[in-house]
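As structure tokens, the structure follows; a few thoughts come after it.
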Amino acid sequence: MPFVTDHPSVAQAGPTASTRFDGTQPGTPVQEIVRDLFAEAAGLPRAAVGADSDFFRLGGQAPGAARRLLGRLTQTFAVAPGHAELRTASTPVRLAALLGDARATALGPRCAAEFSTVLPLRLRGRLDEHALDQALKDLGERHEALRNSRLGVAGTRLCRLGADDLSLELALPADSVDLWSQLPLAAELARAYTARTADRAPHRQRCRPDTVPHPRWGDREPSAVPGSTPGDGAAGRAELSWWLPPALHTRLARCAARHGATLFIVVYAALAEVLSRWGAGPRITVAAPVPARDSAALRAAVGPYGRVLALSVDTAGAADFGELLGRAGASALTAYRSGTAPLAEPGGVALTVLQSMPTPVEAENLTITPERPTLAAHAAGLSLTLTEHQTPHGQPAGLSLAASWLPGVLDETVAGALCRDLVAALEAAPATPASRSRGTGGRGVRAGAVPAPVLAAAGRTPSGVG
């Protein structure tokens, strides 16, 4: 889960200088899970833990920290290293490799080149515009995706929001970057800008990381929302958003920990349950974008180095949500650790879980903070993005849910109803095991009326809705 900032009450706060993030985010989903467990065991916000952060230097020497980490690793991966192995594999990158992380044999599928992804950066402090333009030129010489990103050039906007407060927006071809490009962009821009303010060149070589081929299409079609129709993105995308409060976020985090899962897996299981109840079938497939940046060069690159997994779970016969959650977790972890996991075809439902990052990157008399990107999600009929916020001390601070869909594929009634049912399922997920029986009533989820287009697609009547 990459970091973004998109909730003002959280974005203004930040950890102390000693925990500031260095821009080396984890490069695979297994590395991300290990990073999260490092932060949990050490009592730190996730923004303080990078791909190469040493657990024992982060606070792992504290009494019980290593024991807590090993316990959570065993619970999550069903296998864990011993204390001696943890000493030698004490970073997310090294420990993930020990847990079976594999290099992806294919990346993508990419978004279409005619669409744009906008990566916004908040600049606070005294800005030297000439130095910024030179720094952007330096980045363009290093990263192919940024070759035309200069001040005054189409696609690059510098907007003044207040005194010493600006927004820099880079609109880039959607097939040239991914979700995990924004932090390397911010970190490298800070270094180049600092060098240019001192009339120095950054002295960095062109970035040419070794990569694997991009497939044009995926391997497996994601489940479509019942009631959707074939269509395209000619009319653009429509959006809705919801805010889930810190109390619910806390309960979901505890639910995930109780089952050795992640927040993504909890949401994935809840979404699968809702789609199954709506009539999408017992086997639900969701498109899940994940990073495929397994080398230091890829983790530092601005480019399209991710893959969109087709995660499938069979909901049939699951006695309760705990069982369904176990199936979803096994499906996700198997795909995460496989270099040849099926990739998603265009269409259907996509699910992404992001993490907020209120921590700015320091430059000369300036801070650079990644803000919520505008993503090109035209490949999915319905794209759901859940952003997880944390306090400066690493505690749950709420979740923001954004739904984006193609009006030619879904109407607002259907998209809104599905999201409301998903929120209801999440509210029910942390309940006690006795009240989580799925049965014929959809585990007691208080869902709204299923829209008529969904009923028609599923061949059902209102009286037959569970």
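The values are calculated or read from the model by the stated rules, or taken from the named source; none is laboratory data. All figures in this text were calculated on a predicted structure; none of them were measured in a lab. Here the Cβ is made from the backbone with ideal geometry for all residues, glycine too, and neighbour counts use every protein chain on show.
Brief remarks on what is shown
- If you filter the stretch 175-211 down to residues that are surrounded by 17 or more Cβ atoms within 10 Å (Cβ to Cβ) and of a type in the set (S, T, N, Q), you find that the one that is nearest to residue 359 (Cα to Cα) is 182.
- Selection of the stretch 48-74 for residues being of a type in the set (S, T, N, Q) and over 24 Å from the mean Cα position of the chain (by Cα) yields only 61.
- Residue in the stretch 238-248 that is at pLDDT below 95, over 30 Å from residue 33 (Cβ atoms) and either assigned by TED's automatic domain parsing to the domain that holds residue 275 or within 21 Å of the chain's Cα centre (by Cα) (or both) present: yes
- Residue in the stretch 337-351 that is among the aliphatic types (A, V, I, L, M), buried (at least 24 other Cβ atoms within 10 Å of the Cβ) and more than 27 Å from residue 389 (Cα to Cα) present: yes
- Looking only at the stretch 50-80, and only at residues there that are among the β-branched types (Val, Ile, Thr) and either part of a loop (DSSP other than H, G, I, E, B) or surrounded by fewer than 19 Cβ atoms within 10 Å (Cβ to Cβ) (or both), the one that is modelled with the lowest pLDDT: 79
- Filtered by the rule that a residue be part of a strand (DSSP E or B) and either of a type in the set (Lys, Arg) or touching a Gly at 6+ places or on another chain (Cβ under 9 Å) (or both), the stretch 321-354 gives 343, 344, 349, 350.
- Helices (runs of 4 or more DSSP H) fully within the stretch 240-309 that include at least 1 residues being touching a Phe, Trp or Tyr at 6+ places or on another chain (Cβ under 8 Å): 263-278, 296-299.
- Conditions (1) crowded, with 24+ Cβ neighbours inside 10 Å; (2) farther than 21 Å from residue 211 by Cβ; number of the one not met by residue 320: (1)
- Among (1) of a type in the set (D, E, K, R); (2) at pLDDT 95 or above; (3) more than 19 Å from residue 373 (Cβ to Cβ) - the single one residue 169 does not satisfy: (3)
- In the stretch 287-316, the residues that are over 25 Å from residue 171 (Cβ atoms) and touching a residue at least 24 places away in the same chain (Cβ under 8 Å) form Cβ pairs under 9 Å with partners that are among the basic types (Lys, Arg) and part of a strand (DSSP E or B), at six or more places apart or across chains, as follows: 310/220; 312/220; 312/283; 313/283; 314/283; 315/283; 316/283.
- Within the stretch 128-145, the set of residues being within 28 Å of residue 163 (Cβ to Cβ) and assigned to a helix (DSSP H, G or I) comprises 129, 130, 131, 132, 133, 134, 135, 136, 137, 138, 139.
- Within the stretch 150-174, considering residues that are more than 30 Å from residue 110 (Cα to Cα) and of a type in the set (A, V, I, L, M), the one surrounded by the fewest Cβ atoms within 10 Å (Cβ to Cβ): 163
- Test: residue in the stretch 322-336 that is more than 21 Å from residue 258 (Cα to Cα) and modelled with pLDDT of 95 or more: yes
- Any hit, the stretch 104-119, residues being farther than 21 Å from residue 175 by Cα and part of a loop (DSSP other than H, G, I, E, B): no
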